[in-house]
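Below you'll find the structure, written out as structure tokens, and then a few comments.
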Amino acid sequence: MLSPAAARTIRETLPAVGAAIEDITPLFYKKLFTAHPELLRDLFNRGNQANGTQSQALAGSIAAFATALLEHPGTRPDAMLARIAHKHASLGIAPDQYEIVHRHLFAAIAEVLGEAVTAEVAEAWDEVYWLMANALIALERRLYAEAGADGGATWRPYRVVARHQETADVVTFLAAPADGAPVPAAKPGQYVSVRVQLPDGAGQIRQYSLSGQPDGALQFSVKRTVGTPSGEVSNHLHDHVTAGSQLELSAPFGDVTLAEGEGPVLLASAGIGCTPMIGMLAHLAATGSTREVIAVHGDRDQLSHAFRADLDQLVRKLPRARSHVWYERPAGEWPAARTGLVDVTDLAVPPGTTAYLCGPLPFLRTVRTQLLTAGVRPAAIHYEVFGPDLWLGHTA
């Protein structure tokens, strides 16, 4: 909770800081990477830095956290913090790195806002930063302990035991611990980080959803991304990683996981967003669930639909499951009602449904709005987005 003096100052300065935050964050990253080039080479996603999405996500999270402290002073925004903490844990972020970020972030704030950053203003925003940072450090410490990775030692060597081509641009990898140790526990909907050594020596990291539950291995699926540097890791995995290859993987993390229970579930995805949903469906089928399940998916066409056969097979295994698939440009005959973009307006969504969404931001916004109209509670709609979460703090 903010002190009364800091809360007054933050309330007065939030509009100015919010207006300047998109100037502050690029300058912050410039200062950070100038002082610590190894962070850009081996920790931060160079693609997200190049296209600016990482700066937008940082700006959004800082503004959302400060706003939450003002609007709900007695409540910590744990949902937002959990999302960030899981991503940090999957990267192996350490507490001392928050000191580094603080130093360069506040230097950027002072440079952009100039004389407006009085001692009082600096102290108030310092209080906001450390409330957020210390909360994240505590959450990440707990996540590391739960994953058996005390101190952030989350990276382990894995050997690829199988590779499956799902579509022309989606590949599934099965990887087992290289030392023969047991596979770490994972919840349906979680992801792993994969660290690869690129030709220029960089150790770039990306997160990929777990798309199944094979015995003795972690299964994750990768869509080839066109462009450099945004697609440098996915292209490396597609072009160079085969059965027998070694990879570094983190323990599974992720806050959007299938909750246990008996209530109805709706799983909605678009494109490669099907991967965590297929993982959830596989879990439901493997546990013999009798829950009512509605599986919704949208894709370009039949050939681009990864796990199309798996979706049909898993739905058939569940006694109370049904699927609804839309294709934008279907190949061959296809029902007109399922041609175009996903539209859940006409689906019979039962009361008490918990929904899980994964796909591009326009898809998430559209489907969430339709589900709210259908009577699904906002708190019962969970979403996963690949890459920096530009929607963070705006879905309440």
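The values are calculated or read from the model by the stated rules, or taken from the named source; none is laboratory data. Since the structure is predicted, the reported quantities are computational estimates derived from the model, not experimental observations. Glycine gets a Cβ as well: all are built from the backbone with ideal geometry, and neighbour counts include every protein chain shown. For the accessible areas, the whole protein counts, side chains as well, though only heavy atoms, and no ligand, DNA or RNA atoms are used. Shrake-Rupley method; radii C 1.70, N 1.55, O 1.52, S 1.80 Å.
If Leu237 meets every condition in (1) assigned to a helix (DSSP H, G or I); (2) over 30 Å from Pro319 (Cα atoms); (3) open to solvent by 30 Å² or more (accessible area, probe 1.4 Å); (4) not acidic (Asp, Glu) apart from one, which number is that one?
(3)
So that you can scan it fast, the table gives a plain yes or no per residue for (1) under 30 Å from Ser55 (Cα atoms); (2) open to solvent by 20 Å² or more (accessible area, probe 1.4 Å); (3) touching a helix residue (DSSP H, G or I) at 6+ places or on another chain (Cβ under 8 Å):
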site	(1), (2), (3)
Thr287	no, yes, no
Glu292	no, yes, no
Leu303	no, yes, no
Ala337	no, yes, no
Val344	no, no, yes
Thr354	no, yes, yes
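Assess whether Thr53 counts as being β-branched (Val, Ile, Thr) and within 24 Å of Gln207 (Cα to Cα).
Spelling it out, Thr53 is indeed β-branched (Val, Ile, Thr) and within 24 Å of Gln207 (Cα to Cα).
Just to be sure I understand the filter: pairs with C-beta atoms under 6 Å, separated by 6 or more residues or on different chains, first member in the range 122-136 and at positive phi, second member surrounded by 15 or more Cβ atoms within 10 Å (Cβ to Cβ). Which pairs pass?
Once the first residue is at positive phi and sits in the range 122-136, no partner that is surrounded by 15 or more Cβ atoms within 10 Å (Cβ to Cβ) comes close enough.
Just for the range 29-60: of the residues that are at pLDDT below 85 and small (Gly, Ala, Ser), which one is farthest from the chain's Cα centre (by Cα)?
Ala50
Of the residues Arg142, Arg163, which single one is touching a residue at least 40 places away in the same chain (Cβ under 8 Å) and open to solvent by 30 Å² or more (accessible area, probe 1.4 Å)?
Step by step, each of Arg142, Arg163 is checked, and only Arg163 is touching a residue at least 40 places away in the same chain (Cβ under 8 Å) and open to solvent by 30 Å² or more (accessible area, probe 1.4 Å).
Give the residue, chosen from His102, His88, that is closer than 21 Å to Arg142 by Cβ, open to solvent by 30 Å² or more (accessible area, probe 1.4 Å) and outside any loop (DSSP other than H, G, I, E, B).
Of His102, His88, the one residue that is closer than 21 Å to Arg142 by Cβ, open to solvent by 30 Å² or more (accessible area, probe 1.4 Å) and outside any loop (DSSP other than H, G, I, E, B) is His88.
Could you look through the range 305-317, keep only residues that are under 25 Å from Gly254 (Cα atoms) and surrounded by fewer than 19 Cβ atoms within 10 Å (Cβ to Cβ), and pick out the one that is farthest from the chain's Cα centre (by Cα)?
The qualifying residue farthest from the chain's Cα centre (by Cα) is Val315.
Restricting the search to the range 219-234, which residues are under 25 Å from Gly180 (Cβ atoms) and open to solvent by 10 Å² or more (accessible area, probe 1.4 Å)?
Gln219
Which numbered condition trips up Ser323, out of (1) more than 24 Å from the chain's Cα centre (by Cα); (2) part of a loop (DSSP other than H, G, I, E, B); (3) within 30 Å of Thr369 (Cβ to Cβ)?
Condition not satisfied by Ser323: (2).
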